[in-house]
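No value in this document is a laboratory result; all are computed from the given coordinates. Since the structure is predicted, the reported quantities are computational estimates derived from the model, not experimental observations.
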Amino acid sequence: MEVLTLAITASDIACRALQVYYIIVIARILLSWFSISPGSPIAGISSILIDLTEPILGPIRRLMPPIGGESLRLDLSPLIVMFGIMILRSAIC
């Protein structure tokens, strides 16, 4: 009888964590397109997403501020983080 062993390596954990964080960044991008009223259930989710992503997005945003005028400002920091995650995943996974 064979014994099935489950070996989880550090790279497996890192790959999964990067994948989850990538999805979190996408969710934050999507929620930023909508007007969210305070106190709604979505406001709680949005707050959690901001708390999880701002430690990474904030410093990048300070280095590369949003581009555009007053009517349309484009924040490229999520895009930079997503590219960074893809590069890390290709190197690790």
### Message
Once each part is reduced to its C-alpha centroid, what is the distance from segment 71-87 to segment 15-60 in angstrom?
### Response
13 Å
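Rounded, prolate or oblate: which fits segment 10-92 when a ≥ b ≥ c are the square roots of the eigenvalues of the alpha-carbon gyration tensor, with rounded for a/c under 1.5 and prolate only if a/b beats b/c?
Oblate, because a/c is 1.5 or more while a/b does not exceed b/c.
May I ask you to derive the relative contact order of the chain, considering only C-alpha pairs under 8 Å and at least 6 residues apart, and to give it as an integer percent?
Numbers: 51 pairs, mean separation 31.2, N = 93.
Reported as a whole number, the value is 34 percent.
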### Task
Using just the helices of the chain, give the 222 nm mean residue ellipticity in deg cm²/dmol: DSSP H runs with n ≥ 4 each add -39,500 (n - 2.57), and the total is spread over all residues, rounded to 500.
-23000 deg cm²/dmol
